[in-house]
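All remarks here apply to the structure that follows.
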Amino acid sequence: MPTVVVIYDSKTGFTESMAKAVVNGVRDVKGVEGELLKVGTPFSVSRLDKVDAIVLGSPSYYGDVTHEMKAFLETLKDHKETNKLELSGKKGGIFAAYTWDKGWVIDKLQVYMNILGIELVAPPVSALDRMGGSIFHGGKVPLLRIDENSLQKCSELGQVVASNLRG
Ligand SMILES: Cc1cc2nc3c(=O)[nH]c(=O)nc-3n(C[C@H](O)[C@H](O)[C@H](O)COP(=O)(O)O)c2cc1C
């Protein structure tokens, strides 16, 4: 069965709710399997050889993807350069969470997708986290703080990438 893996990082849960909506969108498409993977959890990079599409998601932290996501992407880049893993030709999508920089982190993810030769088959989705950074001020961050519209866009992202694999 064609498989889409949704690889994301999340520190306070916002991007995680996006990632779950993306993978649910994938699973809405009959005949396509969706996997969810948080960077940092035990995982063999060579597993990516077997998947058909890769969707990447990261929050913006200090104007960039998280350190963990960056390390993961650098590993993929290194594997490509040393011919250990070839991802070019696979389909992909990207999503990002932000609070004040309008989602520039999308551009950062896109650069890696280009380097890896993964073809984006759906428009990127970025979602505004109005509560972002409030933990800096001792504020309580509600667990579910993403709006329905953003979740819907994430779900559509998953559906479009998955539909692309059915040919
Ligand atoms: C330490 C810290 C740094 C952040 N840096 C940025 C930033 O550079 N640009 C931005 O737009 N949002 C920034 N944010 C807001 C996060 O991107 C936003 O809260 C996001 O939803 C967090 O995702 P997560 O809950 O999946 O970790 C920052 C938040 C924190 C706590």
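How about the range 123-132: which of its residues are under 12 Å from LEU157 (Cβ atoms) and not in a loop (DSSP other than H, G, I, E, B)? Walk me through it before giving the result.
Of all residues in the range 123-132, those under 12 Å from LEU157 (Cβ atoms) come to 123-127.
The answer is VAL125, SER126, ALA127.
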Could you list, in sequence order, all residues of the range 67-96 that are of a type in the set (Lys, Arg) and either modelled with pLDDT under 95 or within 14 Å of VAL45 (Cβ to Cβ) (or both)? LYS77, LYS80, LYS84, LYS90
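Can you tell me how many residues within the range 92-122 are under 30 Å from SER134 (Cα atoms), assigned to a helix (DSSP H, G or I) and of a type outside the set (Lys, Arg)? Outline the logic, then answer.
Start the filter on the range 92-122 by keeping residues that are under 30 Å from SER134 (Cα atoms), which leaves 93-112.
Restricting the remaining residues to those that are assigned to a helix (DSSP H, G or I) gives 105-112.
Imposing the further condition that a residue be of a type outside the set (Lys, Arg) reduces the set to 105-107, 109-112.
So the answer is 7.
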Pairs, please: C-beta under 8 Å, at least 6 apart or cross-chain, first residue without any contact (Cβ under 8 Å) to a residue 60 or more places away in the chain and in the range 80-102, second of a type in the set (Ser, Thr, Tyr) and in a strand (DSSP E or B)? TYR98/SER126; LYS102/SER126
If the Cβ limit is 7 Å and pairs must be 6+ apart or interchain, which residue in the range 121-134 that is within 8 Å of the ligand (Cβ to nearest atom) pairs with which residue that is charged (D, E, K, R)? ASP129/ARG145; MET131/ARG145
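Name the residue that is farthest from the ligand (Cβ to nearest atom), counting only residues in the range 71-84 that are within 24 Å of ALA122 (Cβ to Cβ) and crowded, with 17+ Cβ neighbours inside 10 Å. Give the derivation first.
First pass over the range 71-84, keeping only residues within 24 Å of ALA122 (Cβ to Cβ): 72-73, 76-77, 80.
Checking the rest, the ones that are also crowded, with 17+ Cβ neighbours inside 10 Å come to 72-73, 76.
Working: PHE72: 15, LEU73: 17, LEU76: 20 Å.
Among those that are within 24 Å of ALA122 (Cβ to Cβ) and crowded, with 17+ Cβ neighbours inside 10 Å, it is LEU76.
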Please verify whether TRP100 is hydrophobic (A, V, I, L, M, F, W, C), surrounded by fewer than 13 Cβ atoms within 10 Å (Cβ to Cβ) and near the ligand (Cβ under 10 Å from one of its atoms), treating the condition exactly as stated. yes
Among what's in the range 13-28 and is out of contact with any strand residue (DSSP E or B) (no Cβ under 8 Å at 6 or more places or on another chain) and within 16 Å of the ligand (Cβ to nearest atom), pick the residue that is farthest from LEU120 (Cα to Cα). GLY13
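The values are calculated or read from the model by the stated rules, or taken from the named source; none is laboratory data. What you are looking at is a predicted structure, and each value in this text was computed from that prediction instead of being measured. Using ideal geometry, Cβ is built from the backbone for each residue, glycine included, and neighbour counts are taken over all protein chains shown.
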